[in-house]
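Chemist: Let me begin by handing over the structure; questions about it come next.
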Amino acid sequence: MTTPTISAKQVKELRDRTGAGMMECKKALTETDGDIDQAVELLRVRLGDKALKVGDREATEGTVASYIHSNGKVGVLVEIDCNTDFVARNDDFQSFARDVALHIAAAAPLYVSEDEIPAEAKEAELRVFEQQAADKPEHIRPKIAEGKLKAWMNDHVLLNQPHVNTDKYDGKTIEELRANLSGTAGENIVIKRFARFAVGA
């Protein structure tokens, strides 16, 4: 049985309809063979209507958190948005923002989400991985290249990365932490953008 290829466009459409996180949408689409309507139903069962409704609300409040490493050579600014000023000032929200900034300093992601990766960058990486798999049997080369591309994205996409503080977060990804906070706060939490500065980089 082959796993269906889920496009970024399908994920975006499901996110627009449900407000669920990117990874949740991708998982639901994979499980329903790319059927958007079935994926909406699956997410309603899995996350509940309340969790999905928060995604419809525009995130216009939030905070900009910063982190400067103790040696003064790495610094990060990250913008994290939510729906209300009340949540923006909440200790859990502020703590999450600081921890995301710290993670970015340590893990050096290039993108917030997979949607942000330019198509040409993905295609270039895929070509390299296909060439690396050239000595393998022809019928498994595409699968090997796709697997390597997925691993590459996990290394470079913030939401896909497990938080660097494994003692505190037990291997949970930034997306899992964001989704948990969103559910607890009852608001749409969005990691909007970040900038990482490193001396000499």
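The values are calculated or read from the model by the stated rules, or taken from the named source; none is laboratory data. Note that the coordinates shown come from a computational prediction; the quantities given were computed from them, not determined experimentally. Every residue, glycine as well, gets a Cβ built from its backbone with ideal geometry; the counts of neighbours run over all protein chains shown. We work out accessible area using only protein heavy atoms, side chains counted, and drop any ligands, DNA or RNA first. Shrake-Rupley method; radii C 1.70, N 1.55, O 1.52, S 1.80 Å.
Chemist: Given a 1.4 Å probe and heavy atoms of the protein chains only, how would you sort HIS139, HIS103, largest accessible area at the top? Kindly include the intermediate steps, with their values, before the conclusion.
Modeler: On the way: HIS139 150, HIS103 0 Å².
Final ranking, largest accessible area leading: HIS139, HIS103.
Chemist: Apply the a/c threshold of 1.5 to the C-alpha gyration tensor of segment 96-201 and tell me whether it is rounded, prolate or oblate.
Modeler: Because a/c hits 1.5 or more and a/b exceeds b/c, segment 96-201 counts as prolate.
Chemist: Now for a separate question. Taking a spot 7 Å from the Cα of ARG193 along the direction of its beta carbon, which residues of segment 109-147 have an amide N less than 15 Å from it?
Modeler: Counting backbone N atoms under 15 Å from the label point, the list is 111-113, 116-117.
Chemist: Mean separation of Cα pairs under 8 Å and 6+ residues apart, divided by the residue count of the chain: what relative contact order is that in percent?
Modeler: Relative CO of the chain lands at 24 percent.
Chemist: At ASP92 and ILE68, where each label point lies 7 Å from the Cα along Cα→Cβ, what is the point-to-point distance in nanometres?
Modeler: 3.1 nm
Chemist: Here is a further query. Dipole of segment 66-132, Cα-centred, from +1 at each Lys and Arg C-beta and -1 at each Asp and Glu C-beta, to the nearest 20 debye?
Modeler: Here segment 66-132 has a charge dipole of around 400 debye.
Chemist: Take the alpha carbon atoms of the chain, find their radius of gyration, then divide it by 2.2 N^0.38 Å using N residues; give the quotient.
Modeler: On the way: Rg = 18.2 Å, N = 201, 2.2 N^0.38 = 16.5 Å.
Here the Cα radius of gyration is 1.10 times the empirical estimate.
Chemist: Under 14 Å from a point 7 Å along the Cα-to-Cβ line of THR5: which residues of segment 121-140 have their amide N that close?
Modeler: 122-124, 126-127, 130
Chemist: Also, I was wondering about something else. Suppose the chain between ASP33 and ALA201 were pulled fully straight at 0.36 nm per residue; how much longer would it get relative to their current alpha carbon spacing?
Modeler: Additional length available on full extension: 56.2 nm.
Chemist: Here's something else I'd like to know. Rounded to the nearest whole Å², what accessible area per residue is found for segment 77-201 with the 1.4 Å probe?
Modeler: 55 Å²
Chemist: Compute, for the chain, the length of the dipole vector about the Cα centre, with Cβ point charges of +1 (Lys, Arg) and -1 (Asp, Glu) only. Units Debye, rounded to 20. List each step's numbers first, then the result.
Modeler: Working: 27 positive and 34 negative charges, 75 e Å.
Value, rounded to 20: 360 debye.
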